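No value in this document is a laboratory result; all are computed from the given coordinates. Since the structure is predicted, the reported quantities are computational estimates derived from the model, not experimental observations. Cβ placement follows ideal geometry from the backbone for every residue including glycine, while neighbour counts extend to all protein chains displayed.
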Amino acid sequence: MAFGREIQDHLYASPTLISNITNKIMPLVKEWQNRSLHQIYAVVFMDAIHFNVRRQDGQIVKKAAYMALGVDLDGKRDVLGIWIGEHESAKVLVERPQRTAEQRRSRYP
């Protein structure tokens, strides 16, 4: 699995250990990605954290890890989405959640 090889490049762990961990958590990740969300959230917080990534060619590039957190009408918090982008911008903070919502609506009409 390519994902496992990406992890192995950054950790001191055997390929078997990485594969076992990846195989164990991927069903949980898929379940989380496909969970149902509320139609309305009272508040939505969006933020990004910036970090440097070394590409395979050795060049260091900046990336942004985005997170959207919603608070429903009962006050319960829910992570609405997590994604990686090239950099933080208002355009990404608006367009990505809209695209994610459209994808979810097409799966759960």
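So who's got an amide H within less than 5 Å of the one on L80, skipping anything under 5 residues away but keeping other chains? H placed 1.01 Å off N, in plane.
Here A68, L69, G70 satisfy the definition.
Taking R0 as 30 Å, what FRET efficiency do you get between K63 and Q33 from their Cβ-Cβ distance, rounded to the nearest 0.05?
Details: r = 20 Å, r/R0 = 0.67.
That gives a FRET efficiency of 0.90.
Two decimals, Cα atoms only, Kirkwood Rh: what is Rg/Rh over the stretch 40-89? Walk me through the intermediate numbers first.
Working: Rg = 14.6 Å, Rh = 12.3 Å.
Here the Rg-to-Rh quotient is 1.19.
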